[in-house]
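> If you scroll down you'll find the structure; I have some questions about it.
The values are calculated or read from the model by the stated rules, or taken from the named source; none is laboratory data. No experiment lies behind these values; they were computed from the predicted model shown. So basically every Cβ, Gly included, is an ideal-geometry build from the backbone, and we count neighbours across all protein chains shown. SASA here: full protein model, heavy atoms, side chains in, ligands and nucleic acids out. Shrake-Rupley method; radii C 1.70, N 1.55, O 1.52, S 1.80 Å.
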Amino acid sequence: MRRIKKSLVAILLSANLFALTGGTVLADDELYTPSGKQIILQVGNQYMLVNGERIKVDIETNTAPVSKNGITYLPLKSLIKELGGTIAYDPKTKKTIIKLDNEIIVLTVGSRNAIINGVSKKINAAPINEKGRTLIPLRVVSDNLKLRLNWDQVNKRINLYHGGEERWYEGNHVEKISSKYGMYTDQTIGYTLNYLLEWGSPLVIQKKDTLETVFYESKNAKISYFFNFMKSIHDDEYGMILDESYEGFMERKDIIYSDSIIDELLIPSADRAYLVTNVSDVKGTVFIVIFKEDQVGIFEIAIDPQITLKETQDIDAFIELLLSTFNLDSAVG
């Protein structure tokens, strides 16, 4: 059992782990059923995630969300369609009519006067025209269409939720605990973990059959988290009994292979934890796998050989935080 003293990036590079990977775990499981829609957008990014599926924000013009004078504007055609609503534009009057559920909004390019469900109202900023597309202020969209909004200032990332019950990762999962650090609270297996505020908030991505938390993502590096459960049975006398070994679980989930390098780690509150380095040229990645009873937390780390010194330092900082602040006795809700 050991702590990681050598830079994890050095371990990755020495093992020839050259391909950025992500989402490789849980492919054969259905551990989560989405409630409603989650749409993730980013200023300047022509793509959005709709329940984890990457699609164009605007197929026809490649328009992306923009920020002007402190206001974030969104192209809405595809977004409203994904939410199950309708949007129409009258080029003569420059009016845009948006309908979603029981909400109806009428907006005019260049005007702060809006009609919300038949009532005239002043909005915080006027719609604008960009590349022939009408862009609507983000707050006008979220406030008047009753969308739940989470804004990540560091990454200029927009997280919108529609329908279903409010979920723990809709802004209630992060807390600023100092000028440098935040604390992330996870409800999949119940843990807390500190992170650097300069990275922005950890992003929980709602997918078709699972959840992925992205703690760090840059041009050449990515750190993701997934959850899973070991096979177990219930005995009336002894309670829960594990029905597979730790190694058996990692083999079943394609975490370890014949050439994997496995080191046991010391992580507070965990029954067992491993650092798994895969040296295969076909699939190279590093996992940190944490076991508590039948619950399993899986951190997946990947880098590109062009990684910068700052990215190297960020990955090593995450590992230090994982080893020192990870707490499994923190179930919420």
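> Between E198, E175, which is open to solvent by 50 Å² or more (accessible area, probe 1.4 Å) and either in contact with a Phe, Trp or Tyr (Cβ under 7 Å, 6 or more places away or on another chain) or part of a strand (DSSP E or B) (or both)?
After ruling out the rest, the residue left standing is E175.
> Scan the range 61-98 for residues that are of a type outside the set (V, I, T), more than 26 Å from N155 (Cβ to Cβ) and open to solvent by 70 Å² or more (accessible area, probe 1.4 Å) and report the count.
Selection size over the range 61-98: 5.
> Restricting attention to strands (runs of 3 or more DSSP E) lying wholly within the range 227-333, give those where 2 or more residues are surrounded by 14 or more Cβ atoms within 10 Å (Cβ to Cβ) and aliphatic (A, V, I, L, M).
So the answer is 272-277, 286-292, 295-303.
> Next question. I need the strands (runs of 3 or more DSSP E) fully contained in the range 53-144, keeping only those with at least 1 residues that are under 28 Å from the mean Cα position of the chain (by Cα).
53-56, 66-68, 71-75, 86-90, 95-100, 133-137
> If you scan the range 201-217, which residues turn out to be of a type in the set (D, E) and either touching a His at 6+ places or on another chain (Cβ under 8 Å) or open to solvent by less than 10 Å² (accessible area, probe 1.4 Å) (or both)?
E212
> Turning to a different aspect of this structure: Scan (1) part of a strand (DSSP E or B); (2) open to solvent by 10 Å² or more (accessible area, probe 1.4 Å) for the single condition G164 breaks and write down its number.
Checking G164 against (1) part of a strand (DSSP E or B); (2) open to solvent by 10 Å² or more (accessible area, probe 1.4 Å), the one that fails is (1).
> A further question follows. Restricting to the range 300-333, name every residue that is at pLDDT 90 or above and within 12 Å of I189 (Cβ to Cβ).
Listed by number, the residues that qualify are F326, N327.
> Within the range 6-15, does at least one residue satisfy the condition of being outside any strand (DSSP E or B), among the polar types (S, T, N, Q) and at pLDDT 60 or above?
Yes, the range 6-15 contains a residue that is outside any strand (DSSP E or B), among the polar types (S, T, N, Q) and at pLDDT 60 or above.
> Within the set of pairs 6 or more residues apart or between chains, which connect a residue that is under 13 Å from E311 (Cβ atoms) and of a type outside the set (K, R) inside the range 205-225 to a residue that is part of a loop (DSSP other than H, G, I, E, B) and open to solvent by less than 30 Å² (accessible area, probe 1.4 Å) with Cβ atoms less than 7 Å apart?
N220/I307; A221/I307
> Pick from the range 211-226 the residues that are assigned to a loop (DSSP other than H, G, I, E, B) and closer than 19 Å to K156 by Cβ: which of them is farthest from the chain's Cα centre (by Cα)?
K219
> Answer with yes or no whether S201 is under 21 Å from I39 (Cα atoms) and not hydrophobic (A, V, I, L, M, F, W, C).
Criteria met by S201.
> Here's something else I'd like to know. Consider only pairs whose beta carbons are under 6 Å apart and that are at least six residues apart or on different chains; among these, list those whose first residue lies in the range 93-118 and is at positive phi and whose second residue is surrounded by 15 or more Cβ atoms within 10 Å (Cβ to Cβ) and among the hydrophobic types (A, V, I, L, M, F, W, C).
Close Cβ pairs satisfying both conditions: K94/V109; G110/A126; N117/I104.
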